[in-house]
Amino acid sequence: MKKWMTWFCLLGLMIGLVSCTSGYPAEPLLVKTADINANPVNYDQRFLSVKGTVTATGTQPSMQIGWYDFADETGTIAILTTANDTPAVGEELWVSGTVMNMTKIVGQRSLAIFLQEKEKRSLNQMNLPLIIGVVVGLIILALLLMLLLKPKPKTQYQPIAQPYPASGRPMAPPPPAAPSNYAPPSYQPPKSSSTVMDEPKPPVRSSSETVVSESGAEPVFAYLIVKSGAKAGANFPLKKSTIKLGRDAGNDINLDDKKASREHAKLKLQDGAYTIYDLASSNGTFVNGVKIQTQNLSDSDEIQIGDSVLVFKKV
């Protein structure tokens, strides 16, 4: 019974490992391009994914914007990306992003309905990390199986010869003798609570002091301080390489601002400096009063999103 239960548990672990590490995640929802083109209003500002092949590309280097036509078996949709991240024609991709039902001029191309790219994965290449993970998992499971099913050596009974008294019962062995130099430990009275010194407590840091902690917390690269708007006075430390800003609660920085898009902009750490990207927002992103698509940030730059003004401060 024990062996059958072991086999059953190991089989369940293998199935779970393969199912959890294979394929593209179920979210966002996979949609056909024909459905997006036929119902652009229903899909406007929705986060979803499409699967197909790149048929044409183009860029506008002055704004660091690129686009590519993306076709599946039902139709074609334009996808907006950065100029240096445009895929090659013929590449098969699984792209996720936000549908934009608006007109945007990129080079000589006018995009009326397009997908603002957030992530893409190539279908032409093998997923090497996935294969390595599955192989390592199978090796661990095989070793576990060998350890669980390894037969235990049988112990052979060796009777101990003991003298029997006249009653017929075996005599109990005598208790071990104490060593000649043994001395019982001396009694130590417990310390009074009044004589026990309190342990030193760690220093208390103020809430405004944000540094790399001794416990190994993530470092703070910069801050965004809300100068005006619904969250005026808020202080957001930037600890990640990519920070998303917008009205939606799922963003890293949630702005309670009706004029901000749900996913309005993002900050990306590159070569030790942050760059801000506008995510095709409805009302645009401004740095020091100038509307931008992408902009390298310097210390004390002011970022305007809707009615909110945020000050970028380096550490």
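Tabulated data for the structure shown
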item	result
Accessible area of residue 276 in the full protein assembly, 1.4 Å probe (Å², nearest 10)	0
Set 239/259; 266/291; 240/291; 239/291; 51/239 screened for pairs whose C-alpha atoms are more than 23 Å apart	239/259; 240/291; 239/291; 51/239
Sequence-distant residues sharing a close amide H with residue 259 (under 5 Å, placed H)	307
³J(HN,Hα) computed for each position of the range 48-57 - Karplus, 6.51 cos²θ - 1.76 cosθ + 1.60, integer Hz, glycine/proline x	8, 9, 9, 10, x, 10, 6, 10, 7, 9
The range 244-299 - accessible surface per residue (Å², probe 1.4 Å)	49
Amide H partners (placed H, <5 Å) of residue 294, local residues excluded	278
Principal axis box of the range 63-141, alpha-carbon based, largest edge first, Å	55, 30, 22
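The values are calculated or read from the model by the stated rules, or taken from the named source; none is laboratory data. Owing to the predicted nature of the structure, the values given are computational and were not obtained by experimental measurement. All accessible areas refer to the heavy atoms of the entire protein, side chains included, with ligands and DNA or RNA removed. Shrake-Rupley method; radii C 1.70, N 1.55, O 1.52, S 1.80 Å.
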